[in-house]
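Asks: Here it is, the structure, as structure tokens.
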Amino acid sequence: KTGLESIRNCTSLPDPFGERGPQFTYEFGCPSPYTGWIVGSLVLYLLAFAPGLSPVPWAVNAEIYPIERRGLGSGCSAVANWLSNSLITALFLPLQRVLMAGGVFYLCGAVSLLGMAWTSLVLPETKGLSFEEIQSRFSKKLKLKK
């Protein structure tokens with residue numbers, strides 16, 4: 001069987017809620033010739049992302065808010081992060097029905113590229129600056145009163 005036939009057989013159940021309750025075709029998941037590649041790619045992604053870009057938003061949050069507003073700003077950022085994660089999770093399957101899986105990933109990639117472009121244009125470099133210098137730059141940009 002090809003990978004697509006395995007997936008099709010795994011997800012198409014004639015009577016999923018029979019007399020004995022939900023029925024599953026395979027007890028331990030769907031067989032696929034691509035399982036090793038999928039798991040290996042996921043592990044490689046996690047190994048690259050965790051020490052690289054994963055902590056960046058949290059580190060930036062520690063620098064951009066004035067001390068007296070840091071708790072509120074970091075809290076709002078965390079809420080925005082989890083809400084956007086929830087939105088992506090909720091919209092993935094409906095979008096997949098319309099755009100197919102490849103289309104959803106291209107859409108996410110396009111949004112990521114737009115976010116990267118916006119970040120590179122708007123977020124100033126803070127490497128080598130003191131905390132006071134960083135606060136001064138953001139205060140000027142946002143026109144905050146001290």
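Asks: Conditions first: (1) open to solvent by 100 Å² or more (accessible area, probe 1.4 Å); (2) of a type outside the set (Val, Ile, Thr); (3) touching a residue at least 12 places away in the same chain (Cβ under 8 Å). LEU83 passes all but one, so which condition is the exception?
Replies: (3)
Asks: Taking the stretch 94-129 as the search range and keeping residues that are farther than 21 Å from ASN81 by Cα and either of a type in the set (S, T, N, Q) or touching a strand residue (DSSP E or B) at 6+ places or on another chain (Cβ under 9 Å) (or both), which one is least open to solvent (accessible area, probe 1.4 Å)?
Replies: THR126
Asks: Can I ask one more? Looking at the stretch 61-78, is at least one residue part of a loop (DSSP other than H, G, I, E, B) and either modelled with pLDDT under 85 or small (Gly, Ala, Ser) (or both)? I'd like the intermediate steps shown before the answer.
Replies: Start the filter on the stretch 61-78 by keeping residues that are part of a loop (DSSP other than H, G, I, E, B), which leaves 65-66.
Those left that are additionally either modelled with pLDDT under 85 or small (Gly, Ala, Ser) (or both): 65-66.
Yes, there is a match, as at least one residue in the stretch 61-78 is part of a loop (DSSP other than H, G, I, E, B) and either modelled with pLDDT under 85 or small (Gly, Ala, Ser) (or both).
Asks: Say whether the condition of being among the charged types (D, E, K, R) and either modelled with pLDDT of 85 or more or within 19 Å of the chain's Cα centre (by Cα) (or both) is met by at least one residue in the stretch 87-100.
Replies: Yes, that holds for at least one residue.
Asks: Is it the case, given these coordinates, that ARG137 is at pLDDT below 80 and open to solvent by 60 Å² or more (accessible area, probe 1.4 Å)?
Replies: Numbers: at pLDDT below 80: yes; open to solvent by 60 Å² or more (accessible area, probe 1.4 Å): yes.
Yes; evaluated as a whole, the condition is true for this residue.
Asks: On the given criteria, is LEU42 farther than 30 Å from SER139 by Cα, part of a helix (DSSP H, G or I) and either touching a strand residue (DSSP E or B) at 6+ places or on another chain (Cβ under 6 Å) or open to solvent by 60 Å² or more (accessible area, probe 1.4 Å) (or both)?
Replies: On the way: farther than 30 Å from SER139 by Cα: yes; part of a helix (DSSP H, G or I): yes; either touching a strand residue (DSSP E or B) at 6+ places or on another chain (Cβ under 6 Å) or open to solvent by 60 Å² or more (accessible area, probe 1.4 Å) (or both): yes.
Here the answer is yes, as LEU42 does meet what is asked.
The values are calculated or read from the model by the stated rules, or taken from the named source; none is laboratory data. If you're wondering where the values come from, they're calculated on a predicted model, not measured in any experiment. Neighbour counts are summed over all protein chains in view; Cβ atoms, including those assigned to glycine, are modelled from backbone coordinates with ideal geometry. All accessible areas refer to the heavy atoms of the entire protein, side chains included, with ligands and DNA or RNA removed. Shrake-Rupley method; radii C 1.70, N 1.55, O 1.52, S 1.80 Å.
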